[in-house]
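Okay, so here's the structure we're looking at.
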Amino acid sequence: MNNREILKTARSIGQKLAIKGSRWSIAAFLLLGVIAAGCESSGTVGDGLRPDDNDIVKTVENIDGGGLEVIVENTFSGRLQQSAAGYFEDPVYGTIRAVSLFKPSISRATVDSIFEGDYITLKLSQSVVDYGDTTSVSDFTIYEAGELWRGNELRYNQEISIDQSTPVATFQMANEDSIEVELSAEWTDKFKSYFNSISSSRDSTYINEFPGLAIVPSPANSRIHFFRHLQQTDEEERETEFIVYTVNPDDSDEEEPDPIAQPLTLRDWGASVIRTNEPDYDSGIVLHNSERILRVDPEFTREELRNKNIVNASLVLTKNTMQEDLYPSFERPELFSIRAHEFDPVPSDITSEMFITSAAYNGLVDEGENTYRLDITRYVLNEVFGDEGEGPLFISLQAVNGLLYSATFYDETAAEDLRPRIVITSVD
């Protein structure tokens with residue numbers, strides 16, 4: 001059996017599986033190597049299996065405007081790997097005001113009691129990634145939140161009220177790995193009353209009454225900081241946490257003893273991130289990992305493609321950096337990847353389902369071409385050879401991890417080599 005016959009056999013198997021509605025039609029093409037291994041004559045391993053370059057054909061399926069739709073829906077902003085805090089008037093993607101929200105744990109695993117004279121700090125561990133003018137210094141005021149909130153329910157563009165009647169602390173932040181901010185004695189006493197309580201309803205009372213803290217940026221700031229909640233390596237500093245400092249009552253030294261630091265983890269955390277003054281996007285496809293995703297519903301030339309031995313298919317988006325390049329002094333979190341989800345049926349809360357569901361396809365950036373490619377071979381095989389097809393793909397940026405990613409991609413009105421497209425590779 002020669003290579004051409006092998007490819008025809010694999011294609012035939014793939015068509016039969018796909019027509020039956022199998023989502024595993026791509027598996028047929030994995031048989032290629034097995035069939036070839038059993039049919040080739042002796043010689044160098046792999047000899048004769050590579051198709052001649054002249055046999056490789058690339059077909060470009062452009063996606064017209066009807067197959068592209070930007071969906072604006074807010075995803076979750078709480079209990080993520082980072083929490084945003086800051087203020088930045090981004091000339092490309094709008095003004096962002098981010099308020100971090102933190103609530104300390106009342107677990108006695110590391111702290112037994114909080115005594116008179118003890119004080120509490122908030123240690124903010126900063127991510128190496130930030131957004132805006134990274135040479136600037138940011139001013140913050142810590143207040144109590146003005147309402148109860150739950151991290152696992154927070155969403156982007158959901159405003160949480162703030163009780164600005166009594167500041168708990170003020171601080172500045174630039175490029176420090178971490179800083180500690182001492183919290184007011186009034187707030188410490190209030191928290192201490194919940195922490196030291198011996199009531200059987202201690203935990204539920206705390207959850208239902210104590211609003212936690214809000215890290216509020218000055219509107220004069222020009223930078224978004226991100227506070228870490230997960231250690232990436234053992235060498236890194238601890239994540240953001242509260243610290244209780246207490247004097248050991250058994251210390252009998254004549255000199256004033258040094259206070260003992262006892263870490264107190266976060267019970268809950270999140271961010272209230274509001275985007276305003278967003279420009280009108282007259283052209284291009286603008287996506288944010290926080291609230292803008294792309295629905296792709298391509299139309300294929302099925303009859304033509306069914307006569308091809310499809311071995312690969314990639315969805316390609318090309319990034320347009322012209323607007324971002326106008327402001328070289330501003331930094332943004334670097335976008336390394338995009339991902340695609342597919343649903344049947346399409347859920348009513350699409351961002352929620354995307355948050356809890358693993359992506360069907362992932363693609364990395366080709367920095368040389370400024371393109372992002374998703375290997376969607378299985379999707380195309382089922383679209384071309386299946387009875388029902390696959391439905392739309394939902395494209396989002398990198399991850400929902402607390403960082404703020406934004407990107408502009410060329411749309412269907414751009415030059416042909418820049419448009420959203422599906423590149424299908426086949427072998428004659």
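Taken together, the values in this text are just the output of simple stated rules run on the coordinates, not laboratory data. Computed from a predicted structure; not experimentally measured. No Cβ is skipped: glycine too gets one built from the backbone with ideal geometry, and neighbour counts run over all protein chains shown.
Some notes on this structure:
- Of residues in region 319-344 being part of a strand (DSSP E or B) and in contact with an Asp or Glu (Cβ under 8 Å, 6 or more places away or on another chain), the one nearest to Asp411 (Cα to Cα): His341
- Condition broken by Arg306, with the remaining ones in (1) surrounded by 13 or more Cβ atoms within 10 Å (Cβ to Cβ); (2) more than 23 Å from Val427 (Cβ to Cβ); (3) not β-branched (Val, Ile, Thr) satisfied: (2)
- Phe102 being crowded, with 24+ Cβ neighbours inside 10 Å and under 13 Å from His229 (Cα atoms): yes
- The listed residues are Ser136, Ser125, and the only one of them that is assigned to a strand (DSSP E or B) and either polar (S, T, N, Q) or within 20 Å of Tyr206 (Cβ to Cβ) (or both) turns out to be Ser125.
- Number of the condition not met by Ile114 [criteria: (1) under 29 Å from Phe195 (Cβ atoms); (2) touching a Lys or Arg at 6+ places or on another chain (Cβ under 8 Å); (3) not in a loop (DSSP other than H, G, I, E, B)]: (3)
- Residues in region 268-308 that are over 22 Å from the mean Cα position of the chain (by Cα) and not in a loop (DSSP other than H, G, I, E, B): Arg302, Glu303, Glu304, Leu305.
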